[in-house]
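See below for the structure under consideration.
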Amino acid sequence: MTKQYGILAFPAKHSLSPLVHNAAFKALKIDAQYGLFELKDEELSAFIKQVKNDYISGFSVSLPHKESIIKYLNVVDEDAQKIGAVNTVINEGEILHGYNTDFVGSNQALKEIVGGLSGKKVVILGAGGATRAVIYGLLKEKAEVLAILNRTPEHAFNLAKEFSKMFGVKIESGSLENLHERSFQADILIQTTSIWTLNPNMTEQELPEFCSTEFVENFDVVMDIIYRPRITPLLQVAQRLGKKIIAGDLMFLYQAAKQFELWTKQKAPIEIMREVLEKTF
Ligand code: ATR
């Protein structure tokens, strides 16, 4: 019987996950297909019953369900618990296991460009749901998260406090304003806010201060976790300054590869997945 997988999200239509997972199943001749489960919060409970009855073997979880899915799962792995979000579910004999592969994706993307992360100094922009997996991954690899900067400083403060305590480290927090008045000396800058998704047509004049040459100059490597557009306005600035850049599609690729490995227990055909992904940009 063909195994069923898919992405649980709302909206789900624009997801690139079906493309990469179906290409990977095909490449390894695995009898499985990956589709869309475009559902709202109030439909989750019925969906979970369907997963168990119809023997859906596993699914990805994206916005807005990464946190709300947790209460429906039987087992949640430690990393996902600490991040507070699940993006991967495996159905093993009607026992639902939750994992988070976003932090794996973020770390892999960074390591591909930077090498080892231990001792690397990092500044984070944003303090939302997506930020949590990125910070968790960095701290797990013993990188030094110097500061979390966010539009609402209180959100950055809370996140810094939570992860400082979890890992026994010191993390500063602050706002995205008046960056020129503060001195930053770090290896890596990581942009995790949804600014590009929410404002796809920003003009040069509307760009936030964190895109200024004076600020971006402080870092050797600049990563953006958003992949639409692939080269965000921040990455454009970094590129112009000759910095190494990491676009969001690399994190997407590696989080998907890890999902594939959790479901199939086989090594993901990463180059096939990379190839189909690159063709979409
Ligand atoms: P996600 O799960 O995608 O991370 P989220 O949890 O809603 O979404 O978080 C969105 C992040 O983007 C937050 O850090 C948010 O800042 P606030 O905490 O101040 O809300 C940030 N963000 C959204 N729009 C932004 C904008 N126009 N400029 C700067 N930051 C923005």
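Here are some notes:
- Matching residues in the range 197-234 - criterion: being in contact (Cβ under 8 Å) with a residue 40 or more places away in the chain and open to solvent by less than 30 Å² (accessible area, probe 1.4 Å): F210, F219, V221, M223, I225, T232, L234
- Residue pairs meeting the criteria (Cβ under 7 Å; at least 6 apart or on separate chains; first closer than 11 Å to G6 by Cα, in the range 19-41; second open to solvent by 60 Å² or more (accessible area, probe 1.4 Å) and of a type in the set (K, R)): A32/K3; L36/K13; E38/K13
- Meets criteria (farther than 18 Å from L159 by Cβ, in a loop (DSSP other than H, G, I, E, B), open to solvent by less than 10 Å² (accessible area, probe 1.4 Å) and at pLDDT 95 or above) for L96: no
- Strands (runs of 3 or more DSSP E) completely within the range 115-223 that count 1 or more residues being within 12 Å of the ligand (Cβ to nearest atom) and within 19 Å of the chain's Cα centre (by Cα): 121-125, 144-150, 188-191
- Index of the failed condition, E112 passing every other in (1) part of a helix (DSSP H, G or I); (2) away from the ligand (no atom under 14 Å from the Cβ); (3) more than 17 Å from I245 (Cα to Cα); (4) open to solvent by 40 Å² or more (accessible area, probe 1.4 Å): (3)
- Selection of the range 133-152 for residues being open to solvent by 10 Å² or more (accessible area, probe 1.4 Å) and over 13 Å from F103 (Cβ atoms) yields K142, E144, L146, N150, R151, T152.
- Selection of the range 128-186 for residues being hydroxyl-bearing (S, T, Y), touching a strand residue (DSSP E or B) at 6+ places or on another chain (Cβ under 7 Å) and within 19 Å of D224 (Cβ to Cβ) yields only T131.
- Evaluating I231 against the criteria (1) within 16 Å of the ligand (Cβ to nearest atom); (2) within 20 Å of the chain's Cα centre (by Cα) leaves one unmet condition, (1).
- Selection of helices (runs of 4 or more DSSP H) fully inside the range 1-88 by the criterion of at least 2 residues being within 19 Å of L253 (Cα to Cα) returns 17-27.
- In this structure, S57 does satisfy being open to solvent by less than 30 Å² (accessible area, probe 1.4 Å), in contact (Cβ under 8 Å) with a residue 60 or more places away in the chain and of a type in the set (G, A, S).
- The requirement of being modelled with pLDDT under 95, open to solvent by 50 Å² or more (accessible area, probe 1.4 Å) and either closer than 26 Å to E271 by Cα or more than 20 Å from the chain's Cα centre (by Cα) (or both) is fulfilled nowhere in the range 62-71; no residue meets it.
- Residue check for I95: within 20 Å of the chain's Cα centre (by Cα) and more than 23 Å from V276 (Cα to Cα): no
The values are calculated or read from the model by the stated rules, or taken from the named source; none is laboratory data. What you see is a predicted model; the values in this text were computed from it and never measured. All Cβ positions, even for glycine, are placed from backbone atoms using ideal geometry, and neighbour counts span all protein chains on display. In case anyone asks, the SASA skips ligands and DNA or RNA and just uses the protein heavy atoms, side chains included. Shrake-Rupley method; radii C 1.70, N 1.55, O 1.52, S 1.80 Å.
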